Amino acid sequence: MVALQADTLTSESAAAVPVLLAAQHDGWVELTLNRPERLNAFTEELHRALASALDAAADDACRAVLITGAGRGFCAGQDLGDRAKAEGPLDLGATIEAFYNPLVRRIRALRKPVVCAVNGVAAGAGANIAFACDIVLAARSAKFIQAFAKIGLVPDSGGTFFLPRLVGDARARALMLLAEPVSAERAEQWGLIWKAVDDTALLGEARALTANLASQPTQGLALTKQALNASAGNALDAQLDLERDLQREAGRTPDYREGVAAFMEKRPARFSGRRA
Ligand code: LHQ
């Protein structure tokens with residue numbers, strides 16, 4: 001695993017421990033939140049590093065992204081110590097506007113799949129950032145906590161959007177009002193995540209899944225993401241129109257031609273992910 005290049009490598013101290021690790025693979029990148037002693041809670045520094053890494057991942061050479069956490073936790077949301085250091089009253093809305101909302105928007109808008117491997121507890125914004133990703137795998141020992149209620153806050157980072165849509169209103173309400181942990185297995189049963197995986201198998205499975213996604217028709221997957229992102233706010237008529245427009249675009253990609261040719265020739269497809 002390598003640290004990010006100088007402009008995105010940020011560190012907690014002069015000892016230079018990067019708060020985010022970026023490992024480049026063949027066509028995909030693995031981003032590891034790296035503040036294990038704080039269960040990878042978000043500081044401004046971590047937000048900045050993650051934002052730059054996701055911007056770098058927008059390059060067409062990168063065809064999938066994996067996000068995970070170092071140590072025993074995935075992410076405990078906002079670093080509450082970081083906020084406590086601030087002088088004077090805090091404007092939490094400004095923090096959300098500057099960091100959390102752009103992060104959720106970056107993940108959703110990225111024109112390639114974002115896989116999240118939840119290796120341990122995901123609390124507060126840490127849970128909701130995971131739910132913003134396209135495919136979520138979680139270690140069987142991991143749990144998800146809408147921790148906001150315990151400190152008098154409102155679920156953010158898209159939680160009030162994603163949860164009711166993923167698990168329905170009754171479960172979303174209780175999870176948010178009670179801040180009760182949900183195990184990875186229950187999260188899978190409820191449709192909150194894609195899959196719970198044995199702890200020791202998590203990273204291997206998440207890497208294999210991401211590598212496989214990086215070999216797929218990237219433009220088609222990007223357009224599929226776009227359709228799904230729009231679905232929550234559209235009526236059927238508008239969604240049908242959008243599907244027509246996106247299919248028109250997909251039909252013009254080299255990977256559509258390759259997919260059909262491979263099918264006809266009864267051979268595996270070799271997708272390039274190129275736009276044209
Ligand atoms: C932490 C944290 C943490 C600092 C564990 N901060 N140190 C947006 C905009 C602006 C402001 C506010 O918020 C937001 C969005 C949010 O995310 S609000 C929600 C913030 N997160 C939380 O309220 C979760 C706080 N953490 C916990 O409830 C527990 O740590 C969980 C349930 C996640 C894990 O519990 P345990 O497995 O028992 O671990 P632990 O509590 O012993 O934590 C291990 C260490 O990590 C510990 O430090 P220490 O020096 O005692 O070993 C904790 O203080 C530290 N830590 N979360 N958010």
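The values are calculated or read from the model by the stated rules, or taken from the named source; none is laboratory data. Computed from a predicted structure; not experimentally measured. Note: ideal-geometry Cβ built from the backbone for every residue, glycine included; neighbour counts use all protein chains shown. Accessible surface areas use protein heavy atoms only, side chains included; no ligands, DNA or RNA. Shrake-Rupley method; radii C 1.70, N 1.55, O 1.52, S 1.80 Å.
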Of Glu265, Glu45, Glu37, which is the most mobile in a GNM of the chain whose springs link Cα atoms less than 10 angstrom apart?
Glu265
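Leaving out ligands and nucleic acids, note down the accessible area per residue over the chain with a 1.4 angstrom probe, in whole Å².
Values: 13770 Å² over 276 residues.
With all protein chains present, the chain gives 50 Å² per residue.
With both bridge residues required to lie in the chain, what share of the DSSP beta bridges run antiparallel, to the nearest 5%? Working shown, then result.
Numbers: 9 of 31 bridges.
If I count the DSSP bridges inside the chain, around 30 percent turn out antiparallel.
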Starting from the exponent 0.38 and prefactor 2.2 Å, build the expected Rg for region 218-265 from its residue count and divide its actual Cα Rg by it.
1.30
Hits in region 235-258: amide N under 19 Å from the 7 Å Cα→Cβ extension of Met264, namely 250-258
Simple spin-label estimate for Leu166 and Val17 in nanometres, 7 Å along Cα-Cβ
2.8 nm
Across 5 Å bins from the origin, how do the percents of Cα pairs in the chain run, short distances first?
1, 6, 12, 16, 18, 17, 13, 9, 5, 2, 1, 0, 0, 0
With only alpha-carbon atoms counted, please give the Rg and Dmax of region 22-98, in Å.
14.4, 47
Cysteines without a disulfide-compatible partner [the chain; Cβ-Cβ under 4.7 Å]:
Cys62, Cys75
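Take the alpha carbon gyration tensor of region 106-198, find the square roots of its eigenvalues, order them as a ≥ b ≥ c, and report rounded if a/c is under 1.5; if not, report prolate when a/b exceeds b/c, else oblate. Present the calculation step by step, with values, prior to reporting the outcome.
Numbers: a/c = 1.57, a/b = 1.20, b/c = 1.31.
Oblate.
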Förster radius 25 Å - calculated FRET efficiency between Arg108 and Ala235, Cβ distance, rounded to 0.05
0.80
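Which three numbers, in whole Å and largest first, are the semi-axes of the equivalent ellipsoid of region 186-228 derived from its Cα gyration tensor as √(5λ)?
Numbers: eigenvalues 110, 57, 4 Å².
Each semi-axis is √(5λ); the values are 23, 17, 4 Å.
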If each residue of separation counts as 0.36 nm, what is the full-extension length gain between Glu37 and Leu80 once their alpha-carbon separation is subtracted?
14.1 nm
Cα shape, region 186-264, gyration tensor, a/c 1.5 rule:
oblate
Starting at 0 and stepping by 5 Å, how many percent of the alpha carbon pairs of region 102-257 end up in each bin?
2, 9, 16, 19, 18, 16, 10, 6, 3, 1, 0
Which percent of the accessible area of the chain is formed by carbon and sulfur heavy atoms (probe 1.4 angstrom)?
55 percent
Shape verdict for region 45-153, please, from the Cα gyration tensor: rounded (a/c under 1.5), prolate (a/b greater than b/c) or oblate.
oblate
Peptide ranges 112-125, 18-31, 199-212 listed from the most packed, as the mean C-beta count within 10 angstrom indicates:
112-125, 18-31, 199-212
